[in-house]
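Structure, as structure tokens:
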Amino acid sequence: MEFMINKEVIFGFFLGLILAFVGSFLYLQIVTDYDLFRDFDLLDRYGILSKVITLGTMLSVTAFLLFFYKKKDSIARGILFSIITLLIVTFLY
């Protein structure tokens with residue numbers, strides 16, 4: 001069996017990463033007084049950067065469920081790969 005990544009999986013992967021970034025940015029803008037770009041080191045020092053990234057990933061989970069429900073399995077698979085990648089990076093960071 002040949003392993004092949006199609007364009008929809010790659011699109012889903014980058015969509016998941018972008019949505020996680022947008023979700024983190026929106027969370028910081030709405031809920032806190034921090035700014036993602038200006039206070040990046042401060043968030044890292046306090047140890048809440050991984051929590052912010054995790055909360056931002058909820059937007060990607062919503063997109064995953066939407067594409068899964070609409071039978072766009074390749075895009076949903078890419079979004080799931082991005083969520084797993086963010087999970088591993090957050091865990092190691």
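The values are calculated or read from the model by the stated rules, or taken from the named source; none is laboratory data. In this text, all values refer to a predicted model and were calculated from it rather than measured experimentally. Cβ: placed from backbone, ideal geometry, glycine included. Neighbour counts: every protein chain shown. Just so you know, the surface numbers come from the protein's heavy atoms only, side chains and all, with ligands and any DNA or RNA stripped out. Shrake-Rupley method; radii C 1.70, N 1.55, O 1.52, S 1.80 Å.
Assorted remarks:
- Answer label, with percent of Cα pairs over 22 Å apart calculated from the coordinates and candidates (1) 37; (2) 66; (3) 33: (3)
- A probe of 1.4 angstrom, applied to the heavy atoms of all protein chains, finds LEU15 with accessible area near 40 square angstrom.
- PHE25-THR90 pseudo-label distance in nm [points 7 Å out on the Cα-to-Cβ vector]: 1.9 nm
- Share of carbon and sulfur in the accessible area of the chain stands at 70%, probe radius 1.4 Å.
- Solvent-accessible surface of protein heavy atoms, probed at 1.4 angstrom with all chains present, puts SER50, SER82 in the order SER50, SER82, largest first.
- Per residue value of the accessible surface for the chain (all protein chains in place, 1.4 Å probe), Å²: 74 Å²
- LYS70 - accessible surface, heavy atoms, 1.4 Å probe, Å² rounded to 10: 130 Å²
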